[in-house]
Structure formats: C-alpha cells, structure tokens
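To start, the structure itself, in structure tokens.
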Amino acid sequence: MASQRIRRPEEQEHIYKAMTDKKEFGIFDTYKDYFMLSLAVGFLEGKRKSFSKSLELIHWNVFNEDTDESLMNLITYLETHDFKVLYGTDQGLIKQKITIIEEYAAAGAEILYEKIMKDPTQTSEVLINYLLKFQDYKSTQVNEPSRLIERLSW
C-alpha cells in the first residue's frame, strides 16, 4: 500500500483550502487531517460520494499506520465484512479498499464543511457539538468483538 495514493474530489478543492486556511476559519493543519475526520463523518452518517475527477493526491505514506490506517481498516471491514479486502495484495482488492475510503471521505468533507460554515466564527464549538452526537454510536453491523473473531478464517 505504500506506493498508493488517495484521491479527493476536484470539486472539493475550495473545501479543503478553507478548512486548512489558518488565516480564516480553518482549524485543520493538513489536508490529511481533514480527510481523516471526513472519512469518519462520512461513515458515521452512512454516506458515500463517488467521483471521477480528482486533484492533488494524498500519498499513502502521510497516513499514520497506528491511527489513520486502523480507522481505514475498521471502516473497510464494516463496509465489506471481508478481511481479504483489508490485507489482500491483489490490485482489485486494494482498489476496492481505497474507493471505500475515498467515497466516505468525500461525503464527510461536504457534511463537515456545511456544518462548520453555518457559523464559521465558532468553528471549534460547532465541530465539537456536531461530533458529540456520535458519542453513543454503536455499529449495528458488529455488536460484539466475538463476532469479529468468528469471521477470521485462519
């Protein structure tokens, strides 16, 4: 996966710029940071957005293996229920995983932007209040850790 790159929609360039522009209302340090929160939000909201045109790609190496990739793997698994998609080396499986990640992040980026821009002078407060609504989120797909273990095929 180290040579892979993550796409983001061309039509969201203004969103990424606004969310990382510290001179205005941006609260994110990097595009990667905004992408990762967008990924989580897209998943929690159950929304994906497909796209064909992309701009600057995010190189896989900028993602933290312990935190970012763990979230990516969790979301991919909950979407597919297939460990092969997580760890397979076949290009088709890798593409499937990346597409899931990209599409959830694309939807989440728009949701976050819309929420934050309703009151850009209170960006942090708006973001925190929005994210707090998920504090009791429980996946309906995996209720117990033992169900994950049952799916292991080793």
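All of the numbers you see were taken from the coordinates with simple rules; none came from a lab. Please read all numbers here as calculations on a predicted model, not as lab measurements. Cβ placement follows ideal geometry from the backbone for every residue including glycine, while neighbour counts extend to all protein chains displayed.
Structure values in brief
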read-out	value
5 angstrom amide H check on Ile6, placed H, neighbours 5+ away	Ile58, His59, Trp60
From phi via Karplus (6.51, -1.76, 1.60), per-residue ³J(HN,Hα) for segment 33-46 in Hz, x at Gly/Pro	4, 5, 4, 5, 5, 4, 4, 4, 5, x, 5, 4, 7, x
Rough spin-label spacing in nm, given labels placed 7 Å along Cα→Cβ, for Tyr137 and Ser50	2.4
Residue order, fewest to most surrounding Cβ atoms within 10 angstrom, among Tyr113, Tyr130, Tyr16	Tyr130, Tyr113, Tyr16
Amide H partners (placed H, <5 Å) of Ser54, local residues excluded	Glu10
Selection of trypsin sites (Lys or Arg not before Pro), segment 67-139, meeting DSSP coil and at most 11 other Cβ within 10 Å	Lys118, Lys133, Lys138
Residues Leu74 and Lys17, FRET efficiency given R0 of 25 Å [Cβ-Cβ distance, rounded to 0.05]	0.30
Zone of Thr89's modelled label, taken as backbone nitrogen in segment 2-16 under 14 Å from a point 7 Å along Cα→Cβ	2-3
Gain upon complete extension [Tyr130, Met117; 0.36 nm per residue less C-alpha separation]	3.4 nm
Listed candidates [x] 18.1; [y] 16.4; [z] 15.7 - label of the one calculated as Kirkwood radius over Cα pairs in Å	[y]
From phi via Karplus (6.51, -1.76, 1.60), per-residue ³J(HN,Hα) for segment 91-96 in Hz, x at Gly/Pro	4, x, 5, 4, 4, 4
